[in-house]
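Before any comments, here is the structure.
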Amino acid sequence: MCQKTTSHQINCYTEYNPLYKVILCPPRYMKIRKIINQTQAHFAKENIDTSIAMKQHKALVETLQQENIDIILLPPKKEFPEQVFTRDLAFTLDGQIIVGQLEETIRQGEEEILKAWLDEEGIPYKSITAGPIEGGDVLINENQVWVGNSYRTSKEAINQLRKFLPDMEIIMVPFNGDFLHLDCVFNILSSNEGLIYPPAFAKDELFHLKERFNLFEISDKEQFTLGTNVLSLGKKKVLSLPINRQLNNQLHKWGYQVIEIDITEIIKSGGSFRCVTMPLLRERV
């Protein structure tokens, strides 16, 4: 654990309060080298055009900067083709950073680049060591943390997270193992609104989520294009893909401003807006 003094503010208590600071990584070496999810299996033959991915990522960074969000870019390394998905490396919860443990061998080592930056900046962090846990499975809503129990996130790691956050309610959410992370089938937009892909959940889990949130149900087609994986910027602004028309129309009906950005080359590897951004600071309101 890093012990230095830092000038960085670290604070995230929701998925939707105004976003001020976020970590990304350019997809300079992004390719499907080893198939590790169903989306990659679908696109493996055509693979990823890295030059297009870089242009789309640059447009995303520029959009975030236009919204006065501070961007930290981790250095891309050739040995890590999945490094663009910074969300999986760690999560900011209850004023602290918790670094996860990546399940897939092709990704193991990415977290060390993040740790090196944290150490350099003097930002303290804790590390999960009991088992794999990835940030795509971790969603926060004030004093509640919803954690997907997937093949990427183990019960042992979730129990360790409970020890790190004794004052917060950690809610384990099992879902269909055909899907990569919880945020590929569920996301929180506000204190009482969210997005969900119902076929990913058993009856009991679906009931509990619908009991807690007013949920818009994503279609099969828009789940494949990762409709739930939007990024909330705060004040009812949301980043979403232009191709997800049904979702975007619903967001407009709910009073959200939808900022449409095309990152379809990046999502060929299995992640969208939430996956490629790791928030460090959101306003606490």
Among the residues of the stretch 70-78, is there at least one that is in contact with a Cys (Cβ under 6 Å, 6 or more places away or on another chain), at pLDDT 95 or above, open to solvent by less than 10 Å² (accessible area, probe 1.4 Å) and within 30 Å of Ser51 (Cβ to Cβ)?
yes
For residues in the stretch 110-147 being over 18 Å from the mean Cα position of the chain (by Cα) and assigned to a loop (DSSP other than H, G, I, E, B), which is nearest to Arg274 (Cα to Cα)?
Asn143
Looking across the stretch 81-100 at residues that are part of a strand (DSSP E or B) and of a type outside the set (Ser, Thr, Tyr), the single one that is farthest from Ser272 (Cα to Cα) is Gln96
Counting only strands (runs of 3 or more DSSP E) wholly inside the stretch 151-210, the ones holding at least 1 residues that are out of contact with any Leu (no Cβ under 8 Å at 6 or more places or on another chain) and at pLDDT 95 or above are 169-174
For the stretch 258-278, the count of residues that are at pLDDT 95 or above, open to solvent by 10 Å² or more (accessible area, probe 1.4 Å) and outside any loop (DSSP other than H, G, I, E, B) equals 3
I'm trying to understand the selection: among the residues of the stretch 141-187, which are β-branched (Val, Ile, Thr) and either crowded, with 24+ Cβ neighbours inside 10 Å or on the phi > 0 side of the Ramachandran plot (or both)?
Thr153, Val185
Pick from the stretch 63-80 the residues that are part of a strand (DSSP E or B) and aliphatic (A, V, I, L, M): which of them is farthest from Lys115 (Cα to Cα)?
Ile71
List every residue pair whose Cβ atoms sit under 6 Å apart, with the two residues 6 or more apart in sequence or on different chains, where the first one lies in the stretch 178-197 and is under 16 Å from Asp220 (Cα atoms) and the second, anywhere, is open to solvent by less than 10 Å² (accessible area, probe 1.4 Å) and at pLDDT below 95.
Leu180/Gly270
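The values are calculated or read from the model by the stated rules, or taken from the named source; none is laboratory data. Please read these numbers as outputs of a predicted model, since none were measured by experiment. Heads up, the Cβs are rebuilt from the backbone with ideal geometry, glycines too, and the neighbour counts pull from every protein chain shown. With ligands, DNA and RNA removed, areas are computed over all heavy atoms of the protein, side chains included. Shrake-Rupley method; radii C 1.70, N 1.55, O 1.52, S 1.80 Å.
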